[in-house]
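Have a look at the structure below, then the notes.
The values are calculated or read from the model by the stated rules, or taken from the named source; none is laboratory data. Here the structure is a predicted model, which means the values were calculated and not measured. Neighbour counts run over all protein chains shown; Cβ positions are idealised from the backbone, glycine included.
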Amino acid sequence: MTNAQANVEPTIELLHDAKADELARRIRQALARHNELKTGDGRWRPLALCLTDANGQTIGGLVGESFWNAVHVEVLWVADEHRGRGYGTRLMQKAEIEARSRGAEIVYLNTFSFQAPTFYERLGYTKFGELADTPKGAKRMWYVKRLIDHVA
């Protein structure tokens, strides 16, 4: 780097679409490398469970990731017409089985007050955080389940 380059202020650009996706991937990788220098191998792995009907159509799923001693459930979804049949419970149970097989001790997630807080509480999850008015008139809530306390 030349002296002229060193004196130029960095810029900030708002990215969209594929450029934003690529930047997110690079930033996550860079942060993972930084974290591993501090903590050792995080053993990061994606977690994806797909719920399909008899016709092979996706009617639900769970997306998350495992790292260190934890699994983070990012998204759980079951199509409206298939709700109330235990599929969400089965997806969460499968995620917990997989979490244990990966050596995880906890599973954590967040939901909104208009989504499924009582669903997660029935599955043994405990609320550990809450943010009011996100979105307005609702709450965002964080839940955790310690797998060592809940043996399968």
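Just one of the listed residues (LEU62, LEU51) is within 24 Å of ARG140 (Cα to Cα) and assigned to a strand (DSSP E or B), and it is LEU62. For the structure I just gave you, tell me whether GLY84 is among the small types (Gly, Ala, Ser) and surrounded by fewer than 12 Cβ atoms within 10 Å (Cβ to Cβ). When the stated conditions are applied, GLY84 passes them. Close Cβ contacts (under 6 Å, 6 or more residues apart or on different chains) running from residues in region 92-107 that are within 13 Å of PHE67 (Cβ to Cβ) and small (Gly, Ala, Ser) to residues that are at pLDDT 95 or above and crowded, with 22+ Cβ neighbours inside 10 Å comprise ALA99/VAL71; ALA99/VAL107; ALA104/SER66; ALA104/VAL71. Residue check: LEU37 meets all listed conditions (1) within 27 Å of TYR120 (Cβ to Cβ); (2) among the aliphatic types (A, V, I, L, M); (3) modelled with pLDDT under 95 but one, namely (1).
Rundown of residues vs (1) outside any strand (DSSP E or B); (2) not charged (D, E, K, R), yes/no style:
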position	(1), (2)
GLU121	yes, no
LYS136	yes, no
TYR143	no, yes
ILE148	yes, yes
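Each row is one residue, and each column tells you yes or no for (1) more than 25 Å from THR134 (Cα to Cα); (2) surrounded by 10 or more Cβ atoms within 10 Å (Cβ to Cβ); (3) of a type in the set (Ser, Thr, Tyr); (4) under 20 Å from the mean Cα position of the chain (by Cα).
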position	(1), (2), (3), (4)
THR11	yes, no, yes, no
ALA24	no, yes, no, yes
GLY42	yes, yes, no, yes
ALA48	yes, yes, no, yes
VAL63	no, yes, no, yes
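For (1) acidic (Asp, Glu); (2) modelled with pLDDT of 95 or more, each residue gets a yes or a no:
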{"site": "GLY88", "(1), (2)": "no, yes"}
{"site": "GLU96", "(1), (2)": "yes, yes"}
{"site": "ILE106", "(1), (2)": "no, yes"}
{"site": "SER113", "(1), (2)": "no, yes"}
{"site": "GLU130", "(1), (2)": "yes, yes"}
{"site": "ASP149", "(1), (2)": "yes, no"}
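When the residues of region 32-48 are filtered to those that are of a type in the set (A, V, I, L, M, F, W, C) and assigned to a helix (DSSP H, G or I), which remaining residue is farthest from GLY84 (Cα to Cα)? Steps first, please.
Our first condition is that a residue be of a type in the set (A, V, I, L, M, F, W, C); within region 32-48, this holds for 32, 37, 44, 47-48.
Now drop any that are not assigned to a helix (DSSP H, G or I), which leaves 32, 37.
Values: ALA32: 38, LEU37: 45 Å.
Per the criteria, the residue is LEU37.
Listed by first and then second residue, the pairs linking a residue in region 116-132 that is over 13 Å from ARG146 (Cβ atoms) to a residue that is among the small types (Gly, Ala, Ser), with Cβ atoms under 8 Å apart and 6 or more places separating them unless they lie on different chains, are ALA116/GLY88; PHE119/GLY88.
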